[in-house]
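The structure under discussion appears below in the form of structure tokens.
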Amino acid sequence: MTRITVNVDGVSCTDEVEPRMLLVHYLREVVGKVGTVVGCDTSNCGACTVHLDGRSVKSCNVLAVQADGHDVTTIEGLSSNGELHPMQAAFHENHALQCGYCTPGMIMQAVDLVTENPNPSEEEIRVGLEGNLCRCTGYHNIVKAVAAAAGSMSSERTEAR
């Protein structure tokens, strides 16, 4: 067993883990962040995407011990004071989900995409999300939601200045 300390959604978590435990399993089984879902365990679908030190990673492709000393943000950590993150709100408002299984990872990847490119084109959104699979939608409303959130996130950044 290896002792790790990870800051998950702003809370410091210190635990003993098997060195081979995946971050997705640590988050779900040890920390209780079940919004991060296990989709494929092969890093193909992106359903388990979280932010590690502010950048999106597929948590089925990262060992929990690799997150030791780092910050992890899950889908549960995006909202603030009971208010949805603009990307979460945009997915809701634009009907960008059906079964919802891919949604947490899709939102986490989309937030990273818009952080890197505050005004992405439709093509840039599609390319930026290509590592996240949705088996229910045609992606049209997902792209629409990301574009809408990009606009509102840009407005928030401007107001914060």
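No lab work stands behind these numbers, since they all come straight from the coordinates. Model, not experiment: these values are computed from the prediction. Here Cβ is always computed from backbone atoms with ideal geometry, including for glycine, and neighbour counts include all displayed protein chains.
Here are a few things to note about the model shown:
- Radius 15 Å from Cβ of ILE142, net charge of other residues (Lys, Arg +1; Asp, Glu -1): -3
- Positive minus negative residues near GLU122 (Lys, Arg vs Asp, Glu; Cβ under 14 Å): -1
- Cβ charges +1 (Lys, Arg) and -1 (Asp, Glu), total dipole of region 86-160, debye: 260
- Residues MET21, MET1, MET108, sorted so that the one with the fewest Cβ neighbours within 10 Å comes first: MET1, MET21, MET108
- For region 78-161: rounded, prolate or oblate by the Cα gyration tensor [a/c cutoff 1.5]: oblate
- Fluctuation leader among ARG28, ARG126, ARG20 - the chain, Gaussian network, Cα springs under 10 angstrom: ARG20
- Region 86-160: relative contact order in percent, alpha carbon pairs under 8 Å with at least 6 residues between: 48
- In plain terms, the C-alpha convex hull of the chain casts an average shadow of 9.2 nm² when viewed from every direction.
- Relative contact order, whole percent, for the chain stands at 23, derived from Cα pairs under 8 Å and 6 or more residues apart.
- Gaussian network model of the chain, Cα within-10 Å springs - most flexible of VAL24, VAL143, VAL127: VAL127
- Shown for ASP41, ASP9: other C-beta atoms within 10 Å of each C-beta, ranked fewest to most, produce the order ASP41, ASP9.
- Shape call, region 2-78: gyration tensor on alpha carbons, a/c limit 1.5: oblate
- Computed about the Cα centre, the dipole magnitude for the chain is approximately 240 debye when only Lys and Arg (+1) and Asp and Glu (-1) carry charge, each at its Cβ.
- Kyte-Doolittle at least -1.0, axis length at least 20 Å by Cα - qualifying DSSP helices, the chain: 140-160
- Radius 10 Å from Cβ of ILE4, net charge of other residues (Lys, Arg +1; Asp, Glu -1): -2
- Counted by neighbouring Cβ atoms within 10 Å, the residues THR103, THR42, THR2, THR73 run from fewest to most as THR42, THR2, THR73, THR103.
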